[in-house]
1. Test residue 14 against the stated conditions and say whether it is modelled with pLDDT of 95 or more and surrounded by 13 or more Cβ atoms within 10 Å (Cβ to Cβ).
2. Of all residues in region 138-173, which are surrounded by 17 or more Cβ atoms within 10 Å (Cβ to Cβ) and hydrophobic (A, V, I, L, M, F, W, C)?
3. Let me confirm something: among 91, 67, which residue is within 28 Å of residue 178 (Cα to Cα), assigned to a helix (DSSP H, G or I) and modelled with pLDDT of 90 or more?
4. Of the conditions (1) under 27 Å from residue 239 (Cα atoms); (2) outside any loop (DSSP other than H, G, I, E, B); (3) of a type outside the set (A, V, I, L, M, F, W, C), residue 118 satisfies every one except a single condition; which number is it?
5. Go through region 121-155 and count every residue that is among the hydrophobic types (A, V, I, L, M, F, W, C), free of Cβ contacts under 8 Å to residues at least 40 places away in the same chain and under 20 Å from residue 73 (Cα atoms).
6. Of the conditions (1) farther than 19 Å from residue 181 by Cβ; (2) within 18 Å of the chain's Cα centre (by Cα); (3) of a type in the set (Lys, Arg), residue 118 fails just one. Which one is it?
7. Condition (residue is assigned to a helix (DSSP H, G or I), over 15 Å from the mean Cα position of the chain (by Cα) and charged (D, E, K, R)) applied to region 95-113: is it met by at least one residue?
Amino acid sequence: MGAPAVGIPEDLVAGLRDADTVAVLTGSGISAESGVPTFRDAQTGLWARYDPMQLATPEAFERDPGLVWEWYAWRRELVEKAMPNPGHEALADLERYVTSFSLVTQNVDGLHRRAGSRNVVELHGNIWRSKCSREGVVVEPRADDTEVPPSCPRCAASLRPDVVWFGEALPADALGEAFEAAHSCDLFLSVGTSGLVQPAASLPFEALQAGAVVVEVNPDETPLTRHVQYTLRGSAGTVLPALVDSIR
């Protein structure tokens, strides 16, 4: 077992070693370290004149499905250039040390799975998946479909990105898994999230109410900071590898 890294309390290391059940919530901060632009920062070049809140809505897709599909195709190109960073990799390593591990993410880029994490709950969907705009089922477009957007191979309705848009509810199954993970964990990590977007922002408080130790990993103070037992100031790519190294 390694010694605690500088800035990581010894009792936190001991608690993490002893924890049977760990839950993690990640936000845009961890992906930003991989070069994934945040939602608004992505508006550059040809797309600079568009407000993302006017594109990521069911109404926008109904009004101009081709425009919305092309915007997401462009966003996928940005994400494709990104690679998992040491923060993603540390969480994948941590999963191997814990009896029960759940990783809940607000990110849609798929970087956690690429880093090797297995039990991932995607609250806001995944930009790499498509689903039928009529039936809501995840499907792959036909290889020979050149329409924009492509059509559902099941019912011929337009396909849309499998992400949660403004005005839409989060997937009930994913939300239920997330709250169950928060309620049943011994230790909860909140990583790179602003603590402002609901209902994800409620997850650390669910863990606190259930008696879990809650740790915030963030360069900045958030509304959660004053409520948690431990605050680790710094980037996920720096703090998480040090935390995981300390329990080896």
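The values are calculated or read from the model by the stated rules, or taken from the named source; none is laboratory data. The model shown is predicted, which means the values in this text are computed figures rather than measured ones. No Cβ is skipped: glycine too gets one built from the backbone with ideal geometry, and neighbour counts run over all protein chains shown.
1. So residue 14 passes the test.
2. Within region 138-173, 139, 152, 159, 163, 164, 165, 170 meet the criteria.
3. On the way: 67 fails: within 28 Å of residue 178 (Cα to Cα).
After ruling out the rest, the residue left standing is 91.
4. Just one mismatch for residue 118, condition (2).
5. Number satisfying all stated conditions: 6.
6. Condition not satisfied by residue 118: (1).
7. Yes, some residue in region 95-113 is assigned to a helix (DSSP H, G or I), over 15 Å from the mean Cα position of the chain (by Cα) and charged (D, E, K, R).
Every residue, every condition in (1) without any contact (Cβ under 8 Å) to a residue 40 or more places away in the chain; (2) over 15 Å from residue 26 (Cα atoms), yes or no:
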position	(1), (2)
194	no, no
204	no, no
208	yes, yes
245	no, yes
